[in-house]
Ligand code: ATR
């Protein structure tokens, strides 16, 4: 295939929503190209990566379990991917393979679109979870100038690792109630609240009236925490927007046009969620 195209690779790739997103934008911009999902086993990763840049393959999204391994196979890794320790986007340019992580730009773009009134400078943030998604969100929030990020997590050592990597603005949530009272923004980065999982325990009644509540879980679209927050009249930021916005940077790198996350795209992806 010589027409411009890109892929999402994983093992197993499962029901990735990325083809829906990128094909929507290819159609919007009248680009004769394609975007498809491909299973790539760990032992085949290096061989696959060598095909990026060949025969119209502009690049790819990378998902579990390749997000760390792929960095060692790229010629250039962006500072943001290095800081997070994982890459989700590859592209070929100037004779070299580049790797980056678009979760940061995706989350930050979605947050400012969904909660434009939230002033992140000097903000107090409470983050639930200390895994890969938390790292991306914490990196973005620190760069946006937040004052303090309190992290509540099942495993304390994982918070301590975040403290070592990101510095003294990160602290462990010894007192979650106090953190809720202070928070300008609360973010769930765990899988709690997802279909089939227990809800995250988060007493939104303690929050300030101006607090913003954000969840990265998007199945269901409205998690119990977001539903409680909405009923309290707080601004909520759902997880689907992060998925949609993180795709923008990759599409722009591969196809040369910066696409827009609009309601039509969102509706298409929402419809696909019910067809799981
Ligand atoms: P991701 O890349 O999506 O962030 P991850 O790196 O596996 O996934 O991180 C998942 C986060 O959710 C972790 O902080 C995890 O807590 P631990 O550090 O204690 O493992 C948290 N998490 C997952 N399932 C959980 C559960 N049932 N209860 C509480 N926390 C959970």
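Remarks
- Selected from 231, 147, 58 as most flexible by GNM, with the chain as the system and alpha-carbon contacts under 10 Å: 231
- Fluctuation leader among 245, 76, 124 - the chain, Gaussian network, Cα springs under 10 angstrom: 76
- Model label sites at residue 147 and residue 94, defined 7 Å from Cα along the beta-carbon direction, differ in position by 4.1 nm.
- The largest-to-smallest principal axis extents of the Cα set in the stretch 136-179 are 25, 22, 16 Å.
- Against the chain, whose longest principal axis is taken from its Cα atoms, helix 240-255 shows a tilt of about 30°.
- Result for the chain in a Gaussian network model with C-alpha springs under 10 Å: among 210, 89, 189, the largest mean-square fluctuation is at 210.
- Helical runs assigned H by DSSP (4 residues or longer) give the chain a calculated mean residue ellipticity at 222 nm of -10500 deg cm²/dmol, each run adding -39500 (n - 2.57) before division by the residue total.
- Globularity ratio of the stretch 183-276, using Cα Rg and 2.2 N^0.38 Å: 1.21
- If you take the alpha carbon atoms of the stretch 67-128 and fit the smallest convex hull around them, that volume is 117 Å³ per residue.
- The modelled label-to-label distance between residue 112 and residue 174, using points 7 Å beyond Cα along the C-beta direction, is 3.6 nm.
- Take the Kirkwood radius over Cα pairs of the chain, plug it into Stokes-Einstein at 10 °C and 1.306 mPa s, and you get 82 µm²/s for translational diffusion.
- Counting neighbouring beta carbons within 10 Å and listing from fewest to most, the residues 205, 214, 272 come out as 205, 272, 214.
- The slack between residue 32 and residue 72, meaning 0.36 nm per residue of separation minus the straight C-alpha distance, is 11.2 nm.
- Cβ-Cβ FRET estimate between residue 205 and residue 257, R0 fixed at 45 Å, reported to 0.05: 0.50
- The chain: angle of helix 103-114 to the longest principal axis, Cα-based, in degrees nearest 10: 60 degrees
- Convex hull (Cα only) mean projected area of the stretch 1-114, reported in nm² to one decimal: 7.7 nm²
- Kirkwood hydrodynamic radius of the stretch 42-191, from inverse mean 1/r over distinct Cα pairs, in Å: 16.6 Å
- Residue 39 paired with residue 51, simple spin-label distance in nm, labels 7 Å along Cα-to-beta-carbon: 1.5 nm
- Helix 132-143 axis, angle to the chain major axis (alpha carbon atoms, nearest 10°): 70 degrees
All of the numbers you see were taken from the coordinates with simple rules; none came from a lab. The structure displayed is predicted, hence computed values, not measured ones. Note that each Cβ is placed from the backbone with ideal geometry, even for glycine, and that neighbours are counted across all protein chains shown.
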